[in-house]
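The values are calculated or read from the model by the stated rules, or taken from the named source; none is laboratory data. Predicted, not measured: the structure shown is a model, and the values here were computed from it. Neighbour counts are summed over all protein chains in view; Cβ atoms, including those assigned to glycine, are modelled from backbone coordinates with ideal geometry. All accessible areas refer to the heavy atoms of the entire protein, side chains included, with ligands and DNA or RNA removed. Shrake-Rupley method; radii C 1.70, N 1.55, O 1.52, S 1.80 Å.
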Amino acid sequence: MSTVWLLKSSDSDDDRYTDALSKAGFVTVHVPTLSFKFTNHGPLKNALQQPENHSGIIFTSKRAVEAVTEIYKHLSVDCHHSWSEKKIFVIGEATGRAVQQYLKLNHIGQESGNALQLAPIIVREVVAFDKPLLYPCGNLGRDELPKLLAQEDRDFRALTVYETQEHPQLKDAVSKHHSTGKMPSYLVFFSPSGVKFVLPKLKSVGMSLTGVKVIAIGPATNAALVQENIPVHAVCSSPSPEGLLHTLKSPL
């Protein structure tokens, strides 16, 4: 059986990936890659208490949803109602599920897998020069989406609400799994940040990628791998367990 290393942060999606791959005959190894710290609590609370000053919210990650949830759940019923009437945009199915589960808000754009795909959806749904969209993001967030929106005169307010850090157990996890002597058939990278933190750890234990098929969960992660001169076997058709399984089973 082929072994797949899932290089991702620990979250509720872990079981979905593991279950999907296990049922298909793969052995999965989860390597905890990222940890997160919420920040800018005060500015975020002020923004969420003023839905009338925004035309909606953009969520590009589950972590941003979690940061907002910490404050949103304590807001008034009137505030919740006001946000429910706004446009809520998401990238990816996982982010969409988090918005539905934690915030109970309808959302648009979950079929998008990156900023390039979400931008035209926002442009279609939001009037030019309207009130700004609240854009809670991470400290390592790319500036692609803001540039695309600015080009189309869609206003936004970017606010860093979490910091992405290397998982404290990453080095030990890589060392432990490498020491077994069993090389993975596939390495699946889930984010550009994961690429940044994992590659030095693989190098430090002397792990060669020769014969290992590297898979990127999406275009941004693929770009990060290419920038590091890592040959990419495939890019998932969608950032989901189903998308990953389809990629693993596709003859390439």
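Numbers below:
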{"item": "Condition broken by A223, with the remaining ones in (1) under 18 Å from G138 (Cα atoms); (2) touching a Pro at 6+ places or on another chain (Cβ under 8 Å); (3) small (G, A, S); (4) open to solvent by 20 Å² or more (accessible area, probe 1.4 Å) satisfied", "result": "(1)"}
{"item": "Residue satisfying all of: in region 220-229; touching a helix residue (DSSP H, G or I) at 6+ places or on another chain (Cβ under 7 Å) and either β-branched (V, I, T) or part of a loop (DSSP other than H, G, I, E, B) (or both); farthest from E144 (Cα to Cα) among these", "result": "E228"}
{"item": "Matching option when the condition is open to solvent by 20 Å² or more (accessible area, probe 1.4 Å), in contact (Cβ under 8 Å) with a residue 12 or more places away in the chain, under 24 Å from E152 (Cβ atoms) and in contact with a Phe, Trp or Tyr (Cβ under 8 Å, 6 or more places away or on another chain), among I108, I121, I88", "result": "I108"}
{"item": "Options L116, L133; residue that is under 26 Å from S238 (Cα atoms), in contact (Cβ under 8 Å) with a residue 24 or more places away in the chain and surrounded by 20 or more Cβ atoms within 10 Å (Cβ to Cβ)", "result": "L133"}
{"item": "Some residue of region 211-219 being touching a Lys or Arg at 6+ places or on another chain (Cβ under 9 Å) and not in a helix (DSSP H, G or I)", "result": "yes"}
{"item": "Flag if P184 is part of a helix (DSSP H, G or I) and either open to solvent by less than 80 Å² (accessible area, probe 1.4 Å) or of a type in the set (G, A, S) (or both)", "result": "no"}
{"item": "Selection status of V127, at negative phi, open to solvent by 20 Å² or more (accessible area, probe 1.4 Å) and part of a loop (DSSP other than H, G, I, E, B)", "result": "yes"}
